[in-house]
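Novice: Pasting in a structure now, in structure tokens, and then I'll have a few things to ask.
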Amino acid sequence: YMNRENRKFLKDRNIRHTGKPLGRKPKEDLSRYEKTKLKNERGERNHIEGKFGQGKSKYKLNKIMARLAQTSESWIGAIFFVMNILKLSKEYFWLFLNGLILSLFLRNPNYESDYLVKLNPVI
């Protein structure tokens, strides 16, 4: 939540946030560049927040029942580690599959025409 205490925490550590500013609206509207930049920054958070939601619903991130704080942190770290491994494995699987298919076709450029000739022999 973007309360005063959290805003001060972020400001002390030079961390930018995309929350709405407190107080009255400024007299001058934001420029087109500032609006676009703010919109893009807010859009970047959607992916991150979605991963937290996925961790809670699919990987039971919100149902950790450890007694010690250190154990809870270990479980949370392990869950995010598994989520990252699964994401990377999906990406690398498609890269591997794509490379395999390309190597098959590049090794024999007439693969498709040879296959068609064998199916439809000329009499």
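Novice: Over segment 1-63, what lengths in whole Å, largest first, do the semi-axes of the equivalent ellipsoid take, defined as the square roots of 5 times the eigenvalues of the alpha-carbon gyration tensor?
Specialist: Those come to 28, 17, 10 Å.
Novice: For the chain, set up a GNM with springs between Cα atoms under 10 Å and report which of ARG45, ARG24, ARG32 has the largest fluctuation.
Specialist: Among ARG45, ARG24, ARG32, the largest GNM mean-square fluctuation belongs to ARG24.
Novice: Between beta-carbons, use under 15 Å as the cut-off and find the net charge around ASN40, counting Lys and Arg +1, Asp and Glu -1.
Specialist: Taking every Cβ under 15 Å from that of ASN40, the sum is +4.
Novice: Can you check what the net charge comes to around LYS11, using other residues whose Cβ is under 12 Å from the Cβ of LYS11 (Lys, Arg +1; Asp, Glu -1)?
Specialist: +3
Novice: Hey, another quick one. Work out from phi, with θ = phi - 60° and the Karplus expression 6.51 cos²θ - 1.76 cosθ + 1.60, the ³J(HN,Hα) of each residue of segment 5-10, listed in order in whole Hz, and give x for Gly and Pro.
Specialist: Per-residue couplings from phi come out as 5, 5, 4, 5, 4, 5 Hz.
Novice: Can you tell me the dipole magnitude for the chain around its Cα centre, using point charges on the Cβ only (Lys, Arg +1; Asp, Glu -1), in Debye to the nearest 20?
Specialist: The dipole of the chain has a size of about 1000 debye.
Novice: State which entries of LYS58/LYS87; LYS20/LYS56; LYS8/LYS63; LYS20/LYS87 exceed 22 angstrom in Cα-Cα distance in the structure shown.
Specialist: Table pairs above 22 Å Cα-Cα are LYS20/LYS56; LYS8/LYS63; LYS20/LYS87.
Novice: For segment 72-84, what does the Karplus curve 6.51 cos²θ - 1.76 cosθ + 1.60, with θ = phi - 60°, yield as ³J(HN,Hα) per residue in whole Hz, taken in order and with x for Gly and Pro?
Specialist: After applying 6.51 cos²θ - 1.76 cosθ + 1.60, I find 4, 4, 5, 5, 4, x, 5, 5, 5, 4, 5, 4, 5 Hz.
Quick note: the coordinates plus some simple rules give every number you see, no bench work behind them. Source: prediction; values computed, not measured. All Cβ positions, glycine included, derive from the backbone under ideal geometry; neighbour counts span all protein chains shown.
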